[in-house]
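Since every read-out is calculated from the coordinates, none of them should be taken as a lab result. Not measured: the values here are computed from a predicted model. A quick note on method: Cβ atoms are made from the backbone with ideal geometry, for glycine too, and the neighbour counts reach across all protein chains shown.
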Amino acid sequence: MTLFRVLALIAGVTSACDVLPRPGDTQGVQHAGRWEQHGRIIVEPDPRFTVVYLRVDTTLTERHDVVLARFDFDPSDALGDEYSLDVGLDLGDARRLSAGHAYSLGRSIPAWGTVTCLCRPLRPDSVRGTYVMQTRGMRQIAGRIDATLYFTAWNDSTKHATYQLRQRIHGVRP
């Protein structure tokens, strides 16, 4: 009887935490995830180097939750197809978000994204999709993101690229 209870407990905890990938998830590895409770996302384009800097400003005194995360992708064994996606989410006051509810990115939750790749330089256009908060603790916030990140080439506004991000996302307070 105790083995059954232990297995039931493990199954319940892992399903609630959503640690296993779901069918259709992207295969990115999250290497960074920062959650600030008094911050805002700063997006700074630098046309001299055809890059966009995404960072967190922590000078705010009122409660304002933001998450900045980086996902690294390596879709094949070949060299040169690796890329990284940086995503910034402006959650507002995360205490007001309901767990399990899908919030619209771009409408309910402002979001920004950048891509780093061996491709033509791309500037961000928008991020569309949903964010579902799963847990919020004292030091960590976790959820799922299902988003499409849209980009335009720096030197040709007719060239566009999109990247998918569908997986678990978490941020840790420093």
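Charge dipole (Cα centre; +1 on Lys/Arg Cβ, -1 on Asp/Glu Cβ; no other charges) of the chain amounts to roughly 600 debye. Ordering 105-112, 76-83, 22-29, 131-138 by mean Cβ neighbour count within 10 Å, with the highest value first, yields 105-112, 131-138, 22-29, 76-83. Using only Cα atoms, find the angle between the long axis of helix 2-17 and the longest principal axis of the chain, and express it within 0 to 90 degrees, rounded to the nearest 10. It works out to around 30 degrees.
Compute the signed sum of charges (Lys and Arg +1, Asp and Glu -1) over the other residues within less than 15 Å, Cβ to Cβ, of residue 80. Spell out each step's value before the answer.
Details: positive: 120; negative: 72, 74, 77, 81, 82.
So the environment of residue 80 carries a net charge of -4.
Percentage of Cα-Cα pair distances in the stretch 101-147 greater than 18 Å, rounded to whole percent? Summing the P(r) of the stretch 101-147 above 18 Å gives 44 percent of all pairs.
Neighbour counting of Cβ atoms within 10 Å sorts the residues 130, 61, fewest neighbours leading, into 61, 130.
Summarise the long-distance tail of P(r) for the stretch 26-172 by giving the % of C-alpha pairs beyond 20 Å. For the stretch 26-172, the share of Cα pairs beyond 20 Å comes to 47 percent.
The mean sequence separation of alpha-carbon pairs under 8 Å and at least six residues apart, normalised by the residue count of the stretch 26-172, gives a relative contact order of 22 percent.
Please compute the net charge surrounding residue 46, taking Lys and Arg as +1 and Asp and Glu as -1 over other residues with Cβ under 13 Å from its Cβ. Residues near residue 46 contribute +2 overall. Near the amide H of residue 105, within less than 5 Å, lie the amide hydrogens of 129, 130, 131, all on another chain or at least 5 residues away, with H placed in the peptide plane. Note on the stretch 134-174 and the stretch 21-78: Cα centroid distance 7 Å, given to the nearest whole angstrom.
Charge tally for residue 140 (other residues, Cβ to Cβ under 13 Å; Lys, Arg +1; Asp, Glu -1): +3.
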